[in-house]
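Okay, structure first, notes after.
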Amino acid sequence: MIEKYKLVVEHLAKLKDIHLLAVRLLLAYGFYNPAIMKWQNINSIAEWFGEMGIPLPTLNAYMAASTEMAGVVLLTLGLASRIISIPLIFVMIVAIVTVHLRNGFEASNNGFEIPVYYILLLLIVLIYGAGKLSLDNIIKKKLPVYKSRTTKMQEQTKQD
């Protein structure tokens, strides 16, 4: 029974990179409409931010819209995925604190449920990276530092 379990786990591990791609694409899709909406109505967004008491509302409207749009592009490509996850998590925390928290948890009440899911998905990308199906992986393979480290790890494996 344990051997069958190990075999199943081994096969499931092969799906890791497809899962990471799916997570990245889901996040990119989720940030796309809010980013477009912000850019189409940037002055209204800045005014709304000001009404909520967000400091420097115009600057923050541009920062939020830019961060979300950069997230769409970078997550789709799998480029700098870990890096863009950090400001996107920050955007979600600000959204929770300024908009959603007072409405409770339920998404149906405009609560913080959906932003929490986004944060959890972004943490997956932050912790595990973009996976093999990404530009991050292609670039990493071409870096001399990565090549030398990989060679050293392979030599150590042979010695063990």
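Every number here is computed from the coordinates shown, using simple stated rules; none is lab data. In this text the structure is predicted, and so the values were computed from the model without any measurement. Please note: Cβ atoms are built from the backbone with ideal geometry, for glycine as well, and neighbour counts cover all protein chains shown.
Phi angles across the stretch 93-109 convert, under the Karplus curve 6.51 cos²θ - 1.76 cosθ + 1.60 with θ = phi - 60°, into 3J(HN,Hα) values of 5, 4, 4, 4, 5, 8, 10, 8, 4, 5, 9, x, 7, 4, 5, 5, 9 Hz, Gly and Pro given as x. So what's the angle, to the nearest 10 degrees on a 0 to 90 scale, between helix 2-13 and the longest Cα principal axis of the chain? Long axis of 2-13 versus the principal axis of the chain: about 60 degrees.
Annotated for the stretch 2-159: lysine pairs at least 8 residues apart or interchain, Cα distance under 14 Å, count 6. Each peptide in 29-38, 78-87 receives the mean, over its residues, of other Cβ atoms within 10 Å, and ordering these scores from highest gives 78-87, 29-38. Peptide packing for 1-12, 92-103 was compared via the average number of neighbouring C-beta atoms within 10 Å per residue; ordered from the highest value, the list is 92-103, 1-12.
Note on the stretch 4-160: Cα-Cα pairs beyond 20 Å make up 60% of the total pair count.
Estimated from helices alone, the mean residue ellipticity of the chain at 222 nm is -25500 deg cm²/dmol (sum of -39500 (n - 2.57) over DSSP H runs with n ≥ 4, per residue). Around the Cα centre of the chain, unit charges on the Cβ atoms of Lys, Arg, Asp and Glu (plus for the first two, minus for the last two) sum to a dipole of about 920 debye.
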